[in-house]
Structures are given as C-alpha cells and as structure tokens.
Ligand code: SAH
C-alpha cells in the first residue's frame with residue numbers, strides 16, 4: 001500500500017518542472033536528483049554527490065558502449081549526457097516538461113554529443129517507441145511522479161529488448177504510513193507533484209508484474225535522503241525568493257512549506273531504492 005493517492009497527473013508534473021527545473025538544477029549542478037554520500041561528512045557539495053549517484057547507476061547498467069539506452073524522466077539531460085560521455089552509449093531521454101527538453105538539448109549540443117543523445121517530450125505511461133527498441137533503460141528518481149508505476153514498468157518492459165537491463169533509482173517508503181498526519185503528507189506530496197511513493201517491499205512484485213526479473217535491489221536511503229534534503233534546504237535558504245517564485249508562492253509561505261516538508265520527510269521514513277532487473281531473453 002502507498003501513502004496517498006491524489007489527482008497528480010503528468011500535466012501537473014510537466015508544469016511543476018517547467019517552473020522548477022532551473023532552481024533545482026542550480027542547486028545540484030544541473031542534476032535533478034539527490035546526492036549520494038557513502039562516506040558521511042566527506043564535505044562534497046550536492047552537485048558532486050548527485051554526479052556520484054549517477055555514476056553509481058552507470059556502474060549498475062553494465063556495458064552499454066554503442067548501445068541504445070532509454071532515459072525515462074531525463075530531467076535537464078545531465079545524467080544522459082554523463083552516460084553518453086562515460087559509457088559511450090546512444091541515449092534517448094523522455095520528459096513531460098518542454099522546458100527540460102530545451103535545456104537538455106542545449107546541454108547535449110554544448111557537450112558535443114548531440115549526434116547520439118536526443119530528448120523528446122513524451123509521457124512514460126505511453127512511450128512512443130516500438131517494442132524491443134532499446135538495449136537498456138534507466139529511470140532516475142522519476143517513478144514517484146507516475147500515476148501508475150505498474151503501467152510505466154509495463155511500457156519499459158515492452159520497449160526493452162529481451163535480455164536487456166533496467167536500472168532504477170527511486171525515493172520509496174520504507175514502511176506503511178499509519179500514524180502520520182495524512183493531510184500533511186498530502187500537502188507534501190502535492191507540493192512536489194508526487195502521486196505516491198512506492199513501498200520498498202512492493203518493488204519486487206511490481207518488477208515481476210511487468211515481466212522483468214529482479215537482479216539486485218538495495219536501499220541506500222541512509223546515505224542519500226537526509227544529507228540531500230539538508231543540502232536542498234540550504235540551497236533554498238540561500239535563495240528563498242527564487243525558490244518561492246518557482247513554487248508560485250510568496251517567500252513567507254515558502255518558508256512555512258519548507259519547514260513542513262522537513263517534518264514530513266522525517267516522518268515518512270523514506271528510503272532510496274537502487275535496483276536492476278532484466279527482461280528475460
Ligand atoms: N532523471 C533526471 C530527472 C529527475 S526529476 C535526473 O536524475 O536528473 C523527474 C523527471 O521525471 C523529470 O524529468 C520529469 O519530467 C520526469 N517525469 C515525471 N513524470 C513523467 C512521465 N509521466 N513521463 C515522462 N517523464 C516524467
């Protein structure tokens with residue numbers, strides 16, 4: 001069971017990222033995902049720790065040199081470009097945000113990989129690609145935005161070639177929420193355009209249900225969630241006007257929301273799943 005289900009649709013998510021991509025990107029050096037601190041207090045800033053998390057997932061994807069990789073929920077393209085550069089893969093990224101397609105396309109051009117990295121505006125619930133058209137798929141911190149994760153995993157399985165690998169990182173709930181103030185949770189979720197977080201224990205069943213075979217799964221929450229939320233909190237506190245404007249509220253309201261968010265995140269017992277699965281050959 002998940003915490004809350006609300007009417008957050010891909011259109012809401014698109015609007016959210018059209019507004020927030022630049023402020024979040026500035027805080028994490030172009031990434032729109034959390035950072036990874038396997039050695040606590042090593043002092044690395046959010047951007048470097050976020051790149052480290054991308055590299056962790058690149059390691060999990062295996063050898064994709066010259067292969068076609070789908071990046072589901074590609075953000076502003078930083079992870080896709082990093083994958084193309086370090087693993088020499090060909091990457092197609094999809095996002096629901098037209099602003100992100102622009103940012104990501106410009107980044108690929110700047111980094112001189114536009115010949116093998118491209119971005120399209122599309123909904124992962126109905127991927128606009130033929131069956132078995134990708135050698136690998138990755139989905140970095142986007143599943144919690146999906147109204148139906150099962151449908152998205154079904155689509156991923158469909159476009160993945162037999163024997164191809166999926167790598168996922170996602171913010172999850174470690175346990176069912178039973179005692180929390182559900183209104184506060186709903187406010188938190190709607191602030192961040194989250195229909196619901198998947199429960200950690202539910203992931204293997206979802207993967208299996210999509211016709212995929214789970215290879216490995218780990219919860220890295222302790223090295224990711226708290227230091228990342230603290231780093232993001234510091235970024236927001238350093239530039240409250242820009243964050244408030246992007247969230248569409250005044251600064252005072254934003255500060256109230258942030259305080260509430262810190263409380264909710266602590267109470268939600270969030271974990272961070274990193275998993276790989278294969279489409280059986
Ligand atoms: N993977 C990127 C961005 C993570 S932010 C990174 O790690 O930096 C979440 C991303 O998921 C955004 O790009 C958002 O547009 C995308 N997303 C959310 N819902 C989506 C949907 N239904 N279809 C396609 N992309 C979606």
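The values are calculated or read from the model by the stated rules, or taken from the named source; none is laboratory data. All of these numbers come straight from a predicted model, not from anything done at the bench. Don't worry about glycine lacking a Cβ; one is built from the backbone with ideal geometry, like all the others, and counts go over all protein chains shown.
Observations on the structure shown:
- Candidates 67, 110 - the one that is more than 10 Å from the ligand (Cβ to nearest atom) and either buried (at least 24 other Cβ atoms within 10 Å of the Cβ) or closer than 21 Å to residue 47 by Cα (or both): 110
- Matching option when the condition is closer than 15 Å to residue 13 by Cβ and in contact with a strand residue (DSSP E or B) (Cβ under 7 Å, 6 or more places away or on another chain), among 134, 144: 144
- Test: residue in segment 183-195 that is touching a helix residue (DSSP H, G or I) at 6+ places or on another chain (Cβ under 6 Å) and in a loop (DSSP other than H, G, I, E, B): yes
- Matching option when the condition is in contact with a strand residue (DSSP E or B) (Cβ under 6 Å, 6 or more places away or on another chain), at pLDDT 95 or above and under 20 Å from residue 278 (Cα atoms), among 166, 153: 166
- Only one entry of 213, 226 meets the criterion of being more than 19 Å from the chain's Cα centre (by Cα) and either surrounded by fewer than 18 Cβ atoms within 10 Å (Cβ to Cβ) or over 23 Å from residue 18 (Cβ atoms) (or both), and that entry is 213.
- Scan segment 88-107 for residues that are closer than 30 Å to residue 162 by Cβ, within 18 Å of the chain's Cα centre (by Cα) and either away from the ligand (no atom under 11 Å from the Cβ) or touching a residue at least 60 places away in the same chain (Cβ under 8 Å) (or both) and the total you get is 4.
This table checks each residue for (1) within 18 Å of the chain's Cα centre (by Cα); (2) without any contact (Cβ under 8 Å) to a residue 12 or more places away in the chain; (3) near the ligand (Cβ under 8 Å from one of its atoms); (4) surrounded by fewer than 22 Cβ atoms within 10 Å (Cβ to Cβ).
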site: 14; (1), (2), (3), (4): yes, no, yes, yes
site: 23; (1), (2), (3), (4): yes, no, no, yes
site: 31; (1), (2), (3), (4): yes, no, yes, no
site: 73; (1), (2), (3), (4): yes, no, yes, no
site: 79; (1), (2), (3), (4): yes, no, yes, no
site: 85; (1), (2), (3), (4): no, no, no, yes
